[in-house]
Each structure stands twice: as structure tokens, then as C-alpha cells.
Amino acid sequence: MKKKHRKVNKKYTLMIVPHSNSVIKSFPIPLNLVKGLAVIGIVFFLAVVYLAFSYLHLQITLKENDELKAVNDVQAQEIRELQKTTQEVLIKLEEIMETDSKIRELVGLKEPSEENTISSRSNGQGGLGIPLDRTVQPFSIINNDILPNYVFLTAVNIPEISKKTYYELDKEPGLDTINKIKNDMEFINSIIHEQKVVLAKLEEDVKERLDYLDAVPNAWPVNGRITDKYGWRKNPFNKKKLEFHEGLDIAASYGTPVKAAGGGKVIFAGWKPAYGNTVVIKHGYGYVSKYAHNSKINVKVGQVVKRGDIIARVGSTGRSTGPHVDFRIQYNGVWIDPLKVLK
């Protein structure tokens, strides 16, 4: 028969020994209680360590959040500044368009039309152009589908739409705002690229237009009294006969300076039967001017003259009844009424 083992409860004894001759006190402590207290101590220590690390991590996270918020605030401000810059660029582009229109008006270039453009945008708005005998469409930013951030602009000659830009800055710009700005900037870059081509065209056309305006013989060769106009008249030497006068007779004192009516090159300077001392200037653009009956010629063939240069002196040479200038203008090979050209 097996012997039953008795379960022994192990204990620790805590003894308190006083310094005096007092009785020594002892307290039995069960082993299970010691183990339980040890486990509780370890758990408490681990909890303290966990809480300490959690607090430290929280402080680091809060600091990072504060730094991130500061960065976001800076970026938000930069985005608003970029929005503002975008607005200013667009306003300047509109001012360029208006300046183009003013320049075109000053030099007498034609206003743009929808036909015969040098460029065409996919949205149908077209590119800015500076026509002479050909016209092109000015750029216009009036499509809110393209620039939804803007209550925007108009082309020249569309008075019902304001030419000023009003841009509302987002208080809390986000990813959508950034994407809109990117799209706007891409659109602006395309306009700027087109404007480079357009401004080069403007320079070319303005120069051509100024050359044209300088060449047209529209200045009076002398100040005087008109004695005969363009058209049918009685023959000065035989009143019974009619003849067609192809010029304009302007009476002036003998020796009065005769000035070029426009810029050009002298193609004749000499004597012509009936016309006496004569100067003929080729201006280009189909224009030729003729000055007859002069007392003296001051230019030579091949000489380039400007409007207002003295080319001769008033006289009465050739078939003439008195000192005057027989002034004639030819356009594309046909003599025309000078009064339709003179200013």
C-alpha cells in the first residue's frame, strides 16, 4: 500500500529583531504570497515602462504635428501667394493684349477677325495677331472650363465681359487647389509661348506698317492755292477744248520749296516735254508721285528721300501759265485724284 504524501505549504518567515532586549517577532509569509507580489511588481514595472515610452512617443508625435502644422501653414501661404502670382500674370497677359490693340490702332493696323488666323487653340479662342493686309484672332481667356478659379477676362471688342480679373484665394488650399494651379500655370505657359510668336509678329507688322505709312504720298508738296483739280477741264491754252487733267495744280510763289509727299526713291529727275523740270518718286506699295514745272531740281535719280525733304523749287517750266506745281499720284499704274490721298 502506497503512502500518501502530505502537501506541505512552504513559507518564509519574516523576523523583526529589536535593538533592545525586547521579544523577537516573527511573521510567517506564504510562498504563494511572495510569488504573487513578485508578479504584481513585475507587471507594475512593465506598466510604468510602457506608460513612460507612450508618453515620450506622444510628446514626439505632438512636436512632429506642430512642426508639420507649421510647414503646412507655410505651404498654404505659399500656395496663396502662387494663386496671387497666377492672377497677376494673367492680368499682365490681358494688359499685353490691350497694349497690342492700342498699338494696332495707333499705326492703323486692322482689327482682328475670325478669318485667316495664324494660330488656333483647341478651345476655339485663337491666338493674338497683328495684321497688315491679313488679320488674326487675338487670344482671349474667357472659358471658365479652362480656368475655373477665375471670374475672367474678355477679348478686345467684347464690352459686355469685364477685362479685369478677380481671383478668390482659398482659405484652406488643398490638393484640388494645387492641381488647379498646376493646370492654370500650364495654360498660362501655353499662352506665353504663343505670345512670344505673336509679339515677334507684332514687331514685324508694325515695322511694315510704319514703312507703309511713311511711303504713302499723303503730304502736300507745297502750301498754296489749288488752281486746277483732277478731272476734266478747259485747256488753259485753248478754252474751247476740254482735256482730262490727271493731277492737281497748286499755285505758289516762284522758288518755294517743293517737298516729297512721302518717302521713296527718285526714279526720274530731269526735263520732260510739256512738264519742264520734273521729279518722279517711287514710294512702293503701288504708289508713284510726280512733281512738274519746277524751276530747279534738288535731287538725283536713285536718291532715297523722306517725306518733307526738299526735292525741287516752284517754277513755270514747260507748258505752264505761271509758277505752280503739277502734282500727280499714280497707284498700281493708274493716275488717281491726289485729293483722295492727301491729308
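The values are calculated or read from the model by the stated rules, or taken from the named source; none is laboratory data. The model shown is predicted, which means the values in this text are computed figures rather than measured ones. A quick note on method: Cβ atoms are made from the backbone with ideal geometry, for glycine too, and the neighbour counts reach across all protein chains shown.
Within segment 212-251, the set of residues being surrounded by 16 or more Cβ atoms within 10 Å (Cβ to Cβ) and more than 18 Å from Phe327 (Cβ to Cβ) comprises Tyr212 only. State whether one or more residues within segment 216-230 are over 28 Å from Gly333 (Cα atoms) and assigned by TED's automatic domain parsing to the domain that holds Asp309. Within segment 216-230 (the criterion being over 28 Å from Gly333 (Cα atoms) and assigned by TED's automatic domain parsing to the domain that holds Asp309), the answer is no, since none of the residues qualifies. Filtered by the rule that a residue be more than 45 Å from the chain's Cα centre (by Cα) and surrounded by 16 or more Cβ atoms within 10 Å (Cβ to Cβ), segment 317-343 gives Thr317, Gly318, Ser320, Pro323, His324, Val325, Asp326, Phe327.
Restricting attention to segment 186-203, the residues that are surrounded by fewer than 16 Cβ atoms within 10 Å (Cβ to Cβ), in contact (Cβ under 8 Å) with a residue 12 or more places away in the chain and either among the acidic types (Asp, Glu) or assigned by TED's automatic domain parsing to the domain that holds Ser295 (or both) total 0.
For Val299, the stated conditions do not hold, so it cannot be described as in a strand (DSSP E or B), buried (at least 17 other Cβ atoms within 10 Å of the Cβ) and either modelled with pLDDT of 95 or more or among the basic types (Lys, Arg) (or both).
Of everything in segment 240-292, what is of a type in the set (Phe, Trp, Tyr) and either in a loop (DSSP other than H, G, I, E, B) or modelled with pLDDT under 95 (or both)? Give them in sequence order.
We begin by selecting, within segment 240-292, every residue of a type in the set (Phe, Trp, Tyr); these are 244, 254, 268, 271, 275, 285, 287, 291.
Residues satisfying the conditions are Phe244, Tyr254, Tyr275, Tyr285.
Going through (1) over 16 Å from Pro338 (Cα atoms); (2) of a type in the set (Lys, Arg); (3) loosely packed, with under 13 Cβ neighbours inside 10 Å one by one, Arg209 falls short only on (3). Of the residues making up segment 221-239, those that are of a type in the set (Phe, Trp, Tyr) and not in a strand (DSSP E or B) are Tyr230, Phe237.
Taken residue by residue, segment 93-100 has no member that is more than 30 Å from Tyr212 (Cα to Cα), of a type in the set (D, E, K, R) and either over 24 Å from the mean Cα position of the chain (by Cα) or surrounded by 12 or more Cβ atoms within 10 Å (Cβ to Cβ) (or both). Using the structure shown, decide if Lys234 is without any contact (Cβ under 8 Å) to a residue 12 or more places away in the chain, of a type outside the set (Asp, Glu) and within 30 Å of Arg209 (Cα to Cα). The answer is no for Lys234.
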